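Student: My structure is below; once you've seen it, I'll send some questions.
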Amino acid sequence: MLVVEMKLKLKKHWTTGWTTSQDSNTAFLRDTDKLNKFEIALSNKFQAFHDLLSGEGTTVESTWKGNKEAITSTCHDVLGHKKHHHKEWITVDTLDKT
């Protein structure tokens, strides 16, 4: 009779101080309706940001932060985030056999 000893090394879930960035679902930009909504929302946010900073002495960094926030918030609001479908790397049958 053959006896097999099987050892599984389970993947460790690393928790670090880094935050993960979430990618926007840019596939929606192929749809003309979503593209138009995105362009309108983005131009509105840029206009509001430009009006807010027009009177002040602005720095390059504050302008960059405002532009980045306008783009990321518009992507989040209009496009949403990509849905990651991860394939199970170990099946229930394999776990039952061990």
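The values are calculated or read from the model by the stated rules, or taken from the named source; none is laboratory data. Only a predicted model underlies this, so the values are computations on that prediction, with no experimental measurement involved. In this analysis, Cβ positions are derived from the backbone assuming ideal geometry, glycine residues included, and neighbour counts consider all displayed protein chains.
Student: Can you find even one residue in the range 76-97 that is part of a helix (DSSP H, G or I), small (G, A, S) and surrounded by 11 or more Cβ atoms within 10 Å (Cβ to Cβ)?
Tutor: no
Student: Mind checking whether some residue in the range 62-71 is modelled with pLDDT of 85 or more, under 19 Å from the mean Cα position of the chain (by Cα) and among the polar types (S, T, N, Q)?
Tutor: yes
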